[in-house]
Amino acid sequence: MGSPLVLLDVDGVLNPFQRPHRGYKRHRCSPNGVTYKLWLDAGHGRMLLDLAESAGAELAWASYWCDEANTWIGPRVGLPELPYVPIPRFPGIADAGTLGAWKARHVAAWVERRPFVWFEDEPDAADRIAAEPGIGDHLLVAVEPDSGLTGRHIELARTWLGDLAGRSGPSQQPQQPEQPQQ
Ligand SMILES: [Mg+2]
């Protein structure tokens, strides 16, 4: 089992569909020459980096933005360049079922058996990822797309990652020297 991953969706997670509070600013992002208007919160990066650091986890994108997230999203929310799940363009319901099923298939292939937390707003993603063969320990944190990622979601992830570390064997903390016998 490798170190845990923390997977990030963009639309509906870092980019909520409604502007929820003043921390968000409007940004124009133009991957491949197509302009999208996004709400992004510059405070999200710090929250996510703190989470990953405290849990010994690795952040990665799990979004249709793929590597474009490193160009257009990361710098605006305070995240460094991150690895990403390669998710091809959705081929349509007839070939792939739902968006959640399509993403889950590619997430499962990419994470292999590493444990992971996934911040995601697709409503069926939890069921779809759980049904993928060979999937390891995971927590899908369902995000409400109108309001996006909040501190409550981060704390759910932090608790789960802490429990995971407890299940994974002895602590990596250095041993305290024994007290000399009196
Ligand atoms: Mg989404």
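The values are calculated or read from the model by the stated rules, or taken from the named source; none is laboratory data. Everything quoted here is computed from the prediction, not taken from an experiment. Ideal geometry is used to build each Cβ from the backbone, glycine not excepted, and the neighbour counts take in all protein chains shown.
I need every pair where a residue in the range 63-76 that is farther than 19 Å from V6 by Cβ has its Cβ under 6 Å from the Cβ of a residue that is surrounded by 18 or more Cβ atoms within 10 Å (Cβ to Cβ), sequence separation at least 6 or different chains.
Listed pairs, sorted by first residue: W72/C29.
Could you check E132 against (1) in a loop (DSSP other than H, G, I, E, B); (2) surrounded by 12 or more Cβ atoms within 10 Å (Cβ to Cβ); (3) modelled with pLDDT of 95 or more; (4) away from the ligand (no atom under 16 Å from the Cβ) and say which number it fails?
Going through the list (1) in a loop (DSSP other than H, G, I, E, B); (2) surrounded by 12 or more Cβ atoms within 10 Å (Cβ to Cβ); (3) modelled with pLDDT of 95 or more; (4) away from the ligand (no atom under 16 Å from the Cβ), E132 breaks only (3).
Being over 20 Å from L139 (Cβ atoms) and without any contact (Cβ under 8 Å) to a residue 40 or more places away in the chain is the requirement here; does P123 meet it?
no
Do we have V143 as β-branched (V, I, T), at pLDDT 95 or above and within 23 Å of G43 (Cα to Cα) here?
Values: β-branched (V, I, T): yes; at pLDDT 95 or above: yes; within 23 Å of G43 (Cα to Cα): yes.
Considered against the rule, which asks whether it is β-branched (V, I, T), at pLDDT 95 or above and within 23 Å of G43 (Cα to Cα), V143 comes out as yes.
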